[in-house]
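Undergrad: Okay, here's the structure, questions in a sec.
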Amino acid sequence: MPPRKPGTLLPLEADILIAAVLERRGGQATFHGFGLARVIQEQYGSRSLTAHGTLYKALNRLEDLGLLTSDWEDPAQAVAGRPRRRLYQLTAQGMHIADRVRADRTAGRIPRFAPETA
């Protein structure tokens, strides 16, 4: 795979940001990877999500970029017999970039998280 241009998002990263906005607008301030995978598959089918390992790597990249934050689920809220989940949340910058991603996709452009430089 060729290296991506600086400031661009991979299609899965763009899908994650848009799905996170949908979750937030649906009343879910935080989301976990498996739930997000379901939303992405409902919205885009299987074209962008190939494996959960791919999803979690993309979530980590978005967190490294400051577009998401994460923390472990409160043990008091965890379901017995199930491991605690990592919960993710969009940052203010993530919300802004998600809006830009949607506009870029609508205009047929490659989604970006940073302005192009000369």
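Undergrad: Are any of the residues in region 56-68 free of Cβ contacts under 8 Å to residues at least 24 places away in the same chain, more than 25 Å from residue 114 (Cα to Cα) and either of a type outside the set (Phe, Trp, Tyr) or surrounded by 13 or more Cβ atoms within 10 Å (Cβ to Cβ) (or both)?
TA: The answer is no, given that none of the residues of region 56-68 is free of Cβ contacts under 8 Å to residues at least 24 places away in the same chain, more than 25 Å from residue 114 (Cα to Cα) and either of a type outside the set (Phe, Trp, Tyr) or surrounded by 13 or more Cβ atoms within 10 Å (Cβ to Cβ) (or both).
Undergrad: Sticking with this one: Taking residue 7 and the conditions (1) under 17 Å from residue 112 (Cα atoms); (2) touching a residue at least 60 places away in the same chain (Cβ under 8 Å); (3) within 9 Å of the chain's Cα centre (by Cα), which numbered condition does it fall short on, given that it satisfies the others?
TA: Going through the list (1) under 17 Å from residue 112 (Cα atoms); (2) touching a residue at least 60 places away in the same chain (Cβ under 8 Å); (3) within 9 Å of the chain's Cα centre (by Cα), residue 7 breaks only (3).
Undergrad: Moving on. Pick from 35, 94: which is without any contact (Cβ under 8 Å) to a residue 40 or more places away in the chain and among the small types (Gly, Ala, Ser)?
TA: Unique residue meeting the criteria: 35.
Undergrad: Here's another thing I want to ask about it. Which one of these is modelled with pLDDT of 85 or more, exposed (fewer than 15 other Cβ atoms within 10 Å of the Cβ) and of a type in the set (Val, Ile, Thr): 117, 106?
TA: 106
Undergrad: Could you tell me whether region 73-94 includes any residue that is at pLDDT 90 or above and loosely packed, with under 14 Cβ neighbours inside 10 Å?
TA: Yes.
Undergrad: Could you run through region 42-61 and say how many residues are closer than 11 Å to residue 16 by Cβ, modelled with pLDDT of 60 or more and among the small types (Gly, Ala, Ser)?
TA: 1
The values are calculated or read from the model by the stated rules, or taken from the named source; none is laboratory data. Values in this document were obtained by computation on a predicted structure and should not be read as measured data. Heads up, the Cβs are rebuilt from the backbone with ideal geometry, glycines too, and the neighbour counts pull from every protein chain shown.
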